[in-house]
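Chemist: Quick one: the structure is below, questions incoming.
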Amino acid sequence: MPAQFNNDSSDGGGPWGGGNSNGGGSGGGGGPKSPWGEGPRRPTPNRGPTGRADFDDFLRKSQDRLRGSLPGGGGGGTMNIPWLPIAIAIFGIWLFFTATYRVQAQDRAVVMRFGKFIETTGPGFHFKLPAPIDTVVMKKVEQINSVDISGGEGASENLMLTGDQNIIDIAYAVRWKIKNPELFMFELAEPEATIHEVAEAAMRAEIGRATLNDAIGPQRAQIAEQVRQRMQEILDTYRAGIDVRGVDIKQADPPPAVKDAFNDVSAAQQDAVQVINQSKGYAQQLLAVAQGSAAQFDAVYAQYKLAPEVTRKRMYLETMESVLSKVDKTVIEPGNVQTYLPLAEVQRRRALPSPAPATPVQAK
Amino acid sequence: MALTRNPIAWLIGVFAILVLASATFYSVPETKQAIVLRLGKPQRIVNAYDAKAKFGDTDAGLVVKVPFLENVVYIDKRVLDLDMPQQTVLSTDQRLLVVDAFARFRIIDPQRMYQTVGTEENVKEALARILASRLRNELGRQPFAALLSPERSTLMDDIQQSVNRQAAQYGVAILDVRIKRADLPTGAPLDSAYARMKSARAQQALTIRAEGNKQAQLVRAEADANAAHIYADAFGRDPQFYAFYRAMQAYRETFKDGTSTVILSPNNEFLHEFEGRSNK
């Protein structure tokens, strides 16, 4: 850490310059201590705090030595030259990657210097101080998160008491997004757990004001909106930096244990409608029959009025003809004969299957 | 020999600088408050909570201390979560309710908090204890309906205030106390609530069916009345002819199947001409 810090403070110079100036200042022999300084394994006779003039000399010597020594004592000094440029190049690349950052369109970047908040930057390409000094945390401010608040089928989390002391089985989700990244990061220890708990508290408070029938049916959307507002209020008092976008009630039913009873109510409603429909059908039918009969009577009566005697006689005779042609007939002179009515035979005949009575009729 | 001795000395030097630097500098993030202790005695607080300070204007960041003599204890600066275990409360009308509450708090006086309880965990424990007993006391004084009603929020405010007084001695401020859940305990109370719901629904179903039947009967009665009115209108013009006309229809209908036996007297009007006599 301190080594890198020093690198930065002598910004223009390469790693060597930074390392050396530091080494000189602290008076130790640890001049070339930067990560690329492993090279000088040679003993330095005049090691120790001997002053600045000596130090430049020492630096030059040690660099020479570095060039000479690294290939393992082989004579070819020219082979060693690339080490310094490579080191500078590596350092440059490192500097580039650690001192710049890109923010995607849906993100905001929170920049902190040793943990202290500096700024929040929007999308684009930005510079910062290198790695250990400035750190950047991306927060997705455009992304809408969704938290499901339900513990599965019939779990106790879902069962709530309504204002009329009934129990409702409710499952819902909360949609939220980060409104203010720095508040979101620095104000709440556990933002997501907080959302969860605040949602439960708000939902229960609202359900506790509603009746079961309202919560199941017509006021669902209204309750959801009230829960959203209440959540937003509570979170704002925490300065949570969270924007509650919406609360979606996915399910608001009577609990499974009493579902049958509720279904029976809707069945009863169907039954009632059915009975009423049947009675209306009956009424229509009855009316039609009555109107038909009345019309028929009117028609006949109109004719009857024209010739009452004849019409009456005709109708009587026609009816009798039709009736008596089908039945057994016995003509008895009253008074003259002692009448014997063979009831047994009459009843036996009646009990016979339908073709049987036809026979005596035809036989006559 | 010299080859090895020298780099070791350098390494030691580097190491010494690292140690010295890390003992001198420390960084305080925005989310923490730092208590600097000199030989165990609280000396100063860095980045202490200040409601008015904006992020960026705080004392967070890289800070210097006296190496080796002073050390740093970090205390959370954020709003912390206190989730209490469920507890059963008996309301004044002798009904049981399972209450699950939570609180949000912040350590506003880290030094006091450090001296009284030491760690955040201990603070939570102490607060949970205070809050639990407070909740039970306050809620136990309410009727069942009040625990469910909107009046609850004022109740919660009272609880928060009284807990805050006790929390202050730990250097803690309670921001909010809320009931997350207030439910009937499982078992008999829940079952009886279900039974009540069922019976209420059964009653509703019966009422609906009965109402349906009533409507149906009214419709039928009205239809009967209408039909009677129509018949009366038509047939009332000549009751005698109607009696005859209707009798004829009835005869046809009655003797339709031909299984009857009819015994006739020759005096019958139908047989009036049977004997060929002219009685005109």
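Chemist: Consider the stretch B:47-82. How many of its residues are without any contact (Cβ under 8 Å) to a residue 24 or more places away in the chain and within 21 Å of B:Val123 (Cβ to Cβ)?
Modeler: 3
Chemist: If you go through the stretch A:235-255 one residue at a time, how many are within 14 Å of chain B (Cβ to nearest Cβ) and crowded, with 21+ Cβ neighbours inside 10 Å?
Modeler: 5
Chemist: Can you pull out every residue in the stretch B:105-126 that is exposed (fewer than 15 other Cβ atoms within 10 Å of the Cβ) and either touching a residue at least 12 places away in the same chain (Cβ under 8 Å) or of a type in the set (D, E, K, R) (or both)?
Modeler: Of everything in the stretch B:105-126, those that are exposed (fewer than 15 other Cβ atoms within 10 Å of the Cβ) and either touching a residue at least 12 places away in the same chain (Cβ under 8 Å) or of a type in the set (D, E, K, R) (or both) turn out to be B:Gln115, B:Glu121, B:Glu125.
Chemist: Let me ask something additional. Being under 38 Å from the mean Cα position of the chain (by Cα), surrounded by fewer than 17 Cβ atoms within 10 Å (Cβ to Cβ) and not hydroxyl-bearing (Ser, Thr, Tyr), is that true of even one residue in the stretch B:35-50?
Modeler: Yes: the stretch B:35-50 contains one or more residues that are under 38 Å from the mean Cα position of the chain (by Cα), surrounded by fewer than 17 Cβ atoms within 10 Å (Cβ to Cβ) and not hydroxyl-bearing (Ser, Thr, Tyr).
Chemist: Look through B:Ala210, B:Ala182, B:Ala225, B:Ala202 and report the one residue that is facing another protein chain (nearest Cβ under 8 Å) and either touching a Ser or Thr at 6+ places or on another chain (Cβ under 8 Å) or at pLDDT 90 or above (or both).
Modeler: That would be B:Ala202, the only listed residue that is facing another protein chain (nearest Cβ under 8 Å) and either touching a Ser or Thr at 6+ places or on another chain (Cβ under 8 Å) or at pLDDT 90 or above (or both).
Chemist: Still on this structure, I have one more. Tell me the helices (runs of 4 or more DSSP H) entirely within the stretch A:148-221 that contain at least 1 residues that are within 10 Å of chain B (Cβ to nearest Cβ) and basic (Lys, Arg).
Modeler: Working: elements: A:181-186, A:191-207, A:212-216.
Passing ranges, in order: A:191-207.
Chemist: In the stretch B:157-164, is there at least one residue being of a type in the set (Ser, Thr, Tyr) and more than 30 Å from B:Ala48 (Cα to Cα)?
Modeler: No: zero hits.
Chemist: OK, next. Hey, does the stretch B:53-68 have a residue that's surrounded by fewer than 16 Cβ atoms within 10 Å (Cβ to Cβ) and of a type in the set (Ser, Thr, Tyr)?
Modeler: No: zero hits.
Chemist: Moving on to the next point. Taking helices (runs of 4 or more DSSP H) that fall entirely within the stretch B:85-203, which contain at least 2 residues that are under 22 Å from the mean Cα position of the chain (by Cα) and of a type in the set (Ser, Thr, Tyr)?
Modeler: B:152-167
Chemist: If I go through the stretch B:1-51 residue by residue, how many of them are among the aliphatic types (A, V, I, L, M), under 26 Å from A:Arg113 (Cα atoms) and not in a helix (DSSP H, G or I)?
Modeler: The number of residues fulfilling the criteria is 9.
The values are calculated or read from the model by the stated rules, or taken from the named source; none is laboratory data. Source: prediction; values computed, not measured. Positions of Cβ are backbone-derived with ideal geometry, glycine not excepted, and every protein chain shown enters the neighbour counts.
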